[in-house]
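To start, the structure itself, in structure tokens.
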Amino acid sequence: MQISRRNFLQTALGVGAASAFSFPLFDVPQALADEAKKDLKIERFTLKVGATRPFAAVHVSDTHVTFADEREVERKLKLAESRAKYFSRSEAFHNASVEYAKEKEALLLHTGDFIDFLSDKNLEYVKEAFDAFSPCFCSSGNHEFSHYLGEAREDEQYKMNSFERVQKYYPNDLKFCSFVYNGVNFVAFDDVYYYVDDDLIDRFQVEIDKGLPIVTLCHVPLYTPQLTKFMLEDQKEKVAWVLGAPDEVVDSYPEGRRESQRSNETTTKFLEWLKEQKLVKALLAGHLHVNHVGPFSETAMQYVVGGNFKGDLFEFSFE
Ligand SMILES: [Fe+2]
Ligand SMILES: [Fe+2]
């Protein structure tokens with residue numbers, strides 16, 4: 001349990017009990033923290049991948065924190081106010097997730113949209129959250145680079161305009177990164193705008209060559225027929241929100257979404273290539289705000305965890 005400066009003061013002054021876990025700048029009132037912990041919706045999975053030592057991992061995604069303070073312009077403050085209505089429990093649920101991960105001595109994995117939009121305070125929250133927890137590993141989401149949510153076309157140029165600013169607050173490379181933990185190679189890559197980088201297969205091949213079991217992290221889930229059916233038919237979404245959907249699927253999307261979610265040659269090739277990689281044992285993703293688990297390849301299941309902002313959490317036992 002971590003006692004923050006503010007909690008210490010609260011306790012010392014008898015103002016209230018210290019919350020079970022909080023960050024120095026971002027306390028959650030005790031009642032909300034307790035409620036969030038109780039409301040966590042945990043799904044548990046065992047992954048026998050050949051770890052050198054059994055370990056636990058907590059996977060969350062899409063926290064969507066909505067902080068903004070006096071450093072921001074009026075437009076941003078208004079955005080924060082309106083978005084906070086949808087994401088009122090983000091901080092409480094994130095703290096509850098972190099506390100749960102600490103209890104389980106788990107590796108903490110986050111697959112993006114930690115913030116809802118760019119603001120200094122949102123980025124400071126992320127840094128403080130990751131600094132307070134070790135080990136942790138993450139991939140970025142589409143919201144990590146979003147200024148006003150839909151005010152401009154979100155393409156590589158848009159992302160790169162704020163990439164360096166954002167990267168400084170996150171614990172690992174948001175473009176591509178590998179983290180070996182107990183003999184399992186966690187590989188995070190950027191697919192936030194429905195395409196992957198041209199050099200992804202080359203960079204990934206270096207990880208394959210290490211010969212270790214691989215678990216990938218990315219934000220946008222990878223196309224599978226089953227997941228697409230789930231999104232379009234069961235969830236009644238107009239688009240599937242997946243990476244690498246075939247043209248015939250994308251052609252059924254409303255016109256305004258087709259271009260942004262259409263695959264390109266590199267991305268389609270990457271998915272085909274990845275399916276053949278027997279060392280890839282699991283894919284972790286988010287973005288959909290709803291849980292879904294289904295097969296990706298002969299060796300790998302894809303685990304899409306819903307919204308951390310509403311308490312969704314996956315717990316993995318790696319063996
Ligand atoms: Fe999200
Ligand atoms: Fe997203």
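The values are calculated or read from the model by the stated rules, or taken from the named source; none is laboratory data. Keep in mind the model is a prediction, meaning the values are calculated, not measured. Positions of Cβ are backbone-derived with ideal geometry, glycine not excepted, and every protein chain shown enters the neighbour counts. The protein model used for the area step is the full one, side chains on, heavy atoms only, and it has no ligands, DNA or RNA in it. Shrake-Rupley method; radii C 1.70, N 1.55, O 1.52, S 1.80 Å.
Applying the condition of being under 12 Å from L118 (Cα atoms) and among the basic types (K, R) to the range 141-172 and asking which residue is least open to solvent (accessible area, probe 1.4 Å) yields K159. Here the condition is being in contact with a strand residue (DSSP E or B) (Cβ under 8 Å, 6 or more places away or on another chain), charged (D, E, K, R) and more than 16 Å from ligand 1 (Cβ to nearest atom); of K127, K175, it holds for K175 alone. Screening the candidates S297, S260 for the property of being more than 16 Å from ligand 1 (Cβ to nearest atom) and of a type outside the set (K, R) yields one hit, S297. Of I208, I214, all but one fail to be out of contact with any Gly (no Cβ under 9 Å at 6 or more places or on another chain), under 22 Å from L109 (Cβ atoms) and buried (at least 23 other Cβ atoms within 10 Å of the Cβ); the exception is I214.
Given the condition open to solvent by 20 Å² or more (accessible area, probe 1.4 Å) and on the phi < 0 side of the Ramachandran plot, answer yes or no: does some residue in the range 105-119 qualify?
No, the range 105-119 has no match at all.
So which residues in the range 173-211 are β-branched (V, I, T) and closer than 20 Å to S260 by Cα?
The answer is V192, V196.
Taking the range 258-319 and the strands (runs of 3 or more DSSP E) fully enclosed by it, the elements with 1 or more residues that are under 23 Å from D209 (Cβ atoms) are at 280-285, 312-318. Within the range 52-75, how many residues are surrounded by fewer than 19 Cβ atoms within 10 Å (Cβ to Cβ) and over 30 Å from Y181 (Cβ atoms)? Adding up the residues that qualify gives 6. Considering the conditions (1) modelled with pLDDT of 95 or more; (2) under 19 Å from H287 (Cβ atoms), G150 is excluded by exactly one of them, (1). Every listed requirement among (1) open to solvent by 60 Å² or more (accessible area, probe 1.4 Å); (2) in contact with a helix residue (DSSP H, G or I) (Cβ under 9 Å, 6 or more places away or on another chain); (3) more than 14 Å from ligand 2 (Cβ to nearest atom) is met by V249 save one, (1).
The C-beta contact set for the range 35-48 (first residue under 16 Å from A92 (Cβ atoms) and touching a residue at least 40 places away in the same chain (Cβ under 8 Å), second residue among the acidic types (D, E) and assigned to a strand (DSSP E or B), distance under 9 angstrom, 6+ apart or interchain) comprises L40/D312; K41/D312; I42/D312; I42/E315. Candidates in the range 36-51 are the residues that are open to solvent by less than 90 Å² (accessible area, probe 1.4 Å) and in a strand (DSSP E or B); of these, the one that is nearest to ligand 2 (Cβ to nearest atom) is E43.
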